[in-house]
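Asker: I have a structure I would like to understand better, so I am pasting it below and will then ask my questions one at a time.
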Amino acid sequence: MADAKIREVFTVNGQEVTLALEANDTLLTALRNNGYTEVKNGCSEGQCGACIVQLDGRPVNSCQALALSAKKKKITTSKGIGNYARVSVIQEAYVEAGAVQCGFCIPGFIVTTDALLRENPNPSDEEIRFYLSGNLCRCTGYVKIIDAVKLAASRMKKA
Amino acid sequence: MLRKDLRWFFPEKPDEIPAILKNEAKAAFHAGGTSILRTKPESITALIDLGGLGWNTIRADGSAVVIGAMATFNDVIKSTASKAATFRMLQAALARAASNSVRNRITIGGSLADYAPWSDLIAPLVALEADVVYLEDGKGEKKVSVTDFIGKKLAKEKNCIREVRIPEKEIVFAVKRLARTAFEYGMFSLAVCGKYSGGAFESVAIALSGTKDRYARLAEAEKVLTGKPLSDALAREAADTIKVEFAPDVNFGAEYKANMVGVYLRDALAEIAGRK
Ligand SMILES: Cc1cc2nc3c(=O)[nH]c(=O)nc-3n(C[C@H](O)[C@H](O)[C@H](O)COP(=O)(O)OP(=O)(O)OC[C@H]3O[C@@H](n4cnc5c(N)ncnc54)[C@H](O)[C@@H]3O)c2cc1C
Ligand code: FES
Ligand code: FES
């Protein structure tokens with residue numbers, strides 16, 4: 001945002017970038033205003049998980065974090081996990097399992113699934129549900145999302 | 001609305017805090033920031049981020065588990081610092097709070113200072129008779145019981161919580177919360193713990209949070225349960241002593257919530273009796 005007052009260096013998806021922001025911006029606002037529109041704004045209340053990014057590898061709701069508190073942390077969005085040029089195993093698994101309908105919730109799910117599988121490469125159904133408890137999907141009914149996480153886990157093990 | 005001209009401070013040592021508090025018109029501590037973002041107080045002129053002080057560690061010191069104020073709920077849940085049942089009770093209670101991603105953000109210190117009626121932290125801390133260590137006006141270190149910390153309203157703007165200490169003890173416990181769905185603010189939380197042998201409590205502590213007075217120790221029920229064989233009839237007798245007041249909300253009436261405390265207490269006691 002050209003009229004934002006502060007310029008601050010953040011680490012986003014492994015790169016040091018200067019973001020223009022206000023002192024009272026949430027991390028969600030700061031990221032979206034600086035072009036990271038893969039981070040979605042669903043509820044702004046910490047309830048839906050569409051805005052989840054990783055801070056130092058842990059999924060957090062970017063609408064519930066003030067941006068400046070993240071300036072010394074590594075921020076990872078869904079495009080940091082994989083993008084058109086380098087699709088991740090997790091993104092492939094979501095598509096193949098039919099876990100994507102409108103797609104609005106998916107960036108948050110991808111970010112959370114990546115953190116889950118790094119922490120626990122072989123999660124049970126129960127562990128997947130517990131870990132994804134902050135991600136809501138209004139389309140799929142979750143069954144295929146759980147399938148996608150398990151598919152990604154099995155492919156990552158083989159790799 | 002939080003002010004756009006909010007000034008941020010990132011102290012790396014606690015002794016940097018007093019000068020900031022002195023020089024700023026109205027400074028507030030920033031931990032996870034989730035409550036600050038919910039309430040968005042316009043009066044705050046500066047935020048003091050506590051993330052650079054190394055206060056997120058959890059360790060056992062021989063008699064207590066010492067939990068840094070900046071430890072998140074998930075830091076506590078995942079910690080292997082102590083195997084004591086008292087710590088496991090806190091872990092069980094916090095695992096029910098919010099969602100995984102929110103638990104990665106909300107901290108022990110921020111939750112204690114915030115003291116929300118739906119907090120999953122307060123009931124276990126009260127039942128476990130935890131202590132709170134804080135820096136008075138950002139300076140001298142003080143230790144008080146959690147009930148004094150809450151009762152004397154010590155979570156004033158200038159008192160900075162540094163750590164919470166949970167005594168390491170072998171106890172039996174059960175934690176319950178009333179909510180419509182798993183990921184929802186709890187309407188109340190109930191924590192029951194004590195020394196239990198031969199089918200009876202030698203001592204028991206029962207704490208409830210979310211009431212009109214924010215929290216209560218259910219002393220009458222504790223008295224009924226101490227020293228007598230635990231049975232359904234005794235659990236009912238204990239539940240019948242409960243007199244607590246709630247405010248109604250959009251989901252539940254005040255009377256319903258008060259009734260449910262007795263139901264959940266009986267459930268908790270059945271769980272404890274069944275485990276032993
Ligand atoms: C969607 C959502 C759902 C939630 N559900 C639950 C739930 O089910 N159960 C539950 O227990 N909690 C829940 N919470 C969390 C709770 O509502 C508060 O937001 C949280 O406990 C505040 O912690 P924080 O670390 O973010 O504090 P902050 O927002 O950083 O601070 C809160 C207050 O404490 C002060 N403060 C912070 N740290 C200190 C310190 N060390 N010493 C002195 N003062 C300090 C601040 O100045 C501020 O006044 C939920 C939050 C969200 C967003
Ligand atoms: S937009 Fe952040 S949780 Fe919904
Ligand atoms: S695919 Fe539409 S909300 Fe999840």
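Asker: Out of A:ALA93, A:ALA97, A:ALA85, which single residue is farther than 22 Å from B:THR72 by Cβ, surrounded by fewer than 15 Cβ atoms within 10 Å (Cβ to Cβ) and more than 13 Å from the chain's Cα centre (by Cα)? Before the answer, list the steps.
Answerer: On the way: A:ALA93 fails: surrounded by fewer than 15 Cβ atoms within 10 Å (Cβ to Cβ); A:ALA97 fails: surrounded by fewer than 15 Cβ atoms within 10 Å (Cβ to Cβ).
When all the criteria are applied, what remains is A:ALA85.
Asker: Okay, next question. Looking at B:LYS13, is it at pLDDT below 95 and basic (Lys, Arg)?
Answerer: On the way: at pLDDT below 95: no; basic (Lys, Arg): yes.
Considered against the rule, which asks whether it is at pLDDT below 95 and basic (Lys, Arg), B:LYS13 comes out as no.
Asker: Shifting gears a bit: State all residues of the range A:118-137 that are away from chain B (no Cβ under 13 Å) and either more than 24 Å from B:ARG96 (Cβ to Cβ) or among the hydroxyl-bearing types (Ser, Thr, Tyr) (or both); if no residue qualifies, say none.
Answerer: Of the residues in the range A:118-137, the ones away from chain B (no Cβ under 13 Å) are A:118, A:121-122, A:124-125, A:137.
Within the range A:118-137, A:ARG118, A:PRO121, A:ASN122, A:SER124 meet the criteria.
Yes/no matrix, rows are residues, columns are (1) part of a helix (DSSP H, G or I); (2) within 14 Å of chain B (Cβ to nearest Cβ); (3) touching a Lys or Arg at 6+ places or on another chain (Cβ under 7 Å):
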position: A:GLN91; (1), (2), (3): yes, no, no
position: A:GLY98; (1), (2), (3): no, no, yes
position: A:ILE110; (1), (2), (3): yes, yes, no
position: A:LYS144; (1), (2), (3): yes, no, no
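Asker: For the range B:9-51: of the residues being more than 13 Å from ligand 1 (Cβ to nearest atom) and within 13 Å of chain A (Cβ to nearest Cβ), which is nearest to B:GLY110 (Cα to Cα)?
Answerer: The residue in question is B:PHE10.
Asker: Now a separate question. Going through the range B:7-33 one residue at a time, which ones are more than 20 Å from B:LYS156 (Cβ to Cβ) and buried (at least 16 other Cβ atoms within 10 Å of the Cβ)? Can you show your working first?
Answerer: Quick first cut of the range B:7-33, residues more than 20 Å from B:LYS156 (Cβ to Cβ) only: B:7-8, B:10, B:12-13.
B:ARG7, B:TRP8, B:PHE10 - these are the residues of the range B:7-33 that are more than 20 Å from B:LYS156 (Cβ to Cβ) and buried (at least 16 other Cβ atoms within 10 Å of the Cβ).
Asker: Ok, one more. Just checking: which of the helices (runs of 4 or more DSSP H) contained wholly in the range B:6-85 hold 3 or more residues that are within 20 Å of A:GLY46 (Cβ to Cβ), in the same structural domain as B:SER145 (by TED's automatic domain parsing) and under 21 Å from the mean Cα position of the chain (by Cα)? Even if it seems obvious, please write down each step before you answer.
Answerer: Details: elements: B:17-23, B:34-39, B:73-78.
Of the helices (runs of 4 or more DSSP H) lying wholly inside the range B:6-85, those with at least 3 residues that are within 20 Å of A:GLY46 (Cβ to Cβ), in the same structural domain as B:SER145 (by TED's automatic domain parsing) and under 21 Å from the mean Cα position of the chain (by Cα) span B:73-78.
Asker: Could you pull out every one of the helices (runs of 4 or more DSSP H) wholly within the range B:192-276 that has 2 or more residues that are hydroxyl-bearing (Ser, Thr, Tyr)?
Answerer: Numbers: elements: B:219-225, B:232-240, B:254-275.
Fully inside the range B:192-276 and qualifying: B:254-275.
Asker: Only one of these conditions is not met by B:ARG177: (1) over 30 Å from B:GLU255 (Cβ atoms); (2) in a strand (DSSP E or B). Which number is it?
Answerer: (1)
Asker: On to the next question. Can A:LEU21 be described as among the hydrophobic types (A, V, I, L, M, F, W, C) and within 16 Å of ligand 2 (Cβ to nearest atom)?
Answerer: Details: among the hydrophobic types (A, V, I, L, M, F, W, C): yes; within 16 Å of ligand 2 (Cβ to nearest atom): no.
No: the conditions fail for A:LEU21.
Asker: Let me confirm something: among A:VAL143, A:VAL111, which residue is among the aliphatic types (A, V, I, L, M) and either away from ligand 2 (no atom under 16 Å from the Cβ) or more than 12 Å from the chain's Cα centre (by Cα) (or both)? Outline the logic, then answer.
Answerer: Details: A:VAL111 fails: either away from ligand 2 (no atom under 16 Å from the Cβ) or more than 12 Å from the chain's Cα centre (by Cα) (or both).
Within the list A:VAL143, A:VAL111, the selection yields A:VAL143.
Asker: It is to be established whether one or more residues within the range A:32-39 are part of a loop (DSSP other than H, G, I, E, B), within 14 Å of chain B (Cβ to nearest Cβ) and at pLDDT 95 or above. Step through it out loud before you land on a result.
Answerer: Kept after step one, since they are part of a loop (DSSP other than H, G, I, E, B), are these residues of the range A:32-39: A:34-39.
Okay, now just the ones that are also within 14 Å of chain B (Cβ to nearest Cβ), so A:39.
Next cut, at pLDDT 95 or above only: A:39.
Scanning the range A:32-39 turns up at least one residue that is part of a loop (DSSP other than H, G, I, E, B), within 14 Å of chain B (Cβ to nearest Cβ) and at pLDDT 95 or above.
The values are calculated or read from the model by the stated rules, or taken from the named source; none is laboratory data. Nothing here was measured: the structure is a model prediction, and the numbers come from that model. Here the Cβ is made from the backbone with ideal geometry for all residues, glycine too, and neighbour counts use every protein chain on show.
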